Amino acid sequence: MTLTLSLISKNLIASYLSTYYQVGIGPDAISLRIDQHSKPLTKLLATLRQSCAAIMSAYNPCSRLASNEANLAAHELLRSYLNHHSYSTIESLNVDPSGKWPPEKSFFVSGLDLNTARSIGQKFNQNAIVWIENEAIPHLVLLR
């Protein structure tokens, strides 16, 4: 997937690209990298009988560091939104290996098409989402 012109700085995009996107919490979590195929993700999508998914967070809207309390509240709003719309989710975590950004709680949302994923990301003021097609390669999708 090709990145398009964006209002997001190159440094911030580089940070998104270097992040580890962990599907699930704990020792069985699947660690994903942007544009890298994942065999465990292939198995997960097959088990879920889905051909696509998204990873999305409500933390740090527009990539402005927010307080832990504000981030947790936004995360719960996203959880409520996803539950209300009956989307299947797995608690996940986005981890910046440089440590500049604190870990962000997120959701792996199976079966979510790209347009819907973009719309939800924009609703929660995110700069980007991670979207996965059936080839099990996570792609960074910029929203601004």
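The values are calculated or read from the model by the stated rules, or taken from the named source; none is laboratory data. Treat the numbers as computed from the prediction; the structure is a model and nothing was measured. Ideal geometry is used to build each Cβ from the backbone, glycine not excepted, and the neighbour counts take in all protein chains shown. For the accessible areas, the whole protein counts, side chains as well, though only heavy atoms, and no ligand, DNA or RNA atoms are used. Shrake-Rupley method; radii C 1.70, N 1.55, O 1.52, S 1.80 Å.
Residues of the range 7-51 being open to solvent by less than 20 Å² (accessible area, probe 1.4 Å) and within 19 Å of L112 (Cα to Cα), which ones?
Y21, V23, G24, L32, I34, S38, L41, L45
Inspect the range 119-128 for any residue being modelled with pLDDT of 95 or more, open to solvent by less than 40 Å² (accessible area, probe 1.4 Å), over 17 Å from A74 (Cβ atoms) and not acidic (D, E) and give the result as yes or no.
no
Between a residue in the range 23-41 that is at positive phi and any residue that is among the polar types (S, T, N, Q), which pairs come within a Cβ distance under 9 Å, given they are 6 or more apart or on different chains?
Taking only residues 6 or more apart or on different chains, the pairs are G24/S92.
Would you pick out the residues in the range 107-118 that are buried (at least 22 other Cβ atoms within 10 Å of the Cβ) and under 23 Å from L7 (Cα atoms)?
Taking the range 107-118 as the starting set, the residues that turn out to be buried (at least 22 other Cβ atoms within 10 Å of the Cβ) are 107-109, 112, 117.
Matches in the range 107-118: A117 only.
Which condition number in (1) assigned to a loop (DSSP other than H, G, I, E, B); (2) touching a helix residue (DSSP H, G or I) at 6+ places or on another chain (Cβ under 6 Å) is the one that A54 fails?
Against the list (1) assigned to a loop (DSSP other than H, G, I, E, B); (2) touching a helix residue (DSSP H, G or I) at 6+ places or on another chain (Cβ under 6 Å), A54 comes up short only on (1).
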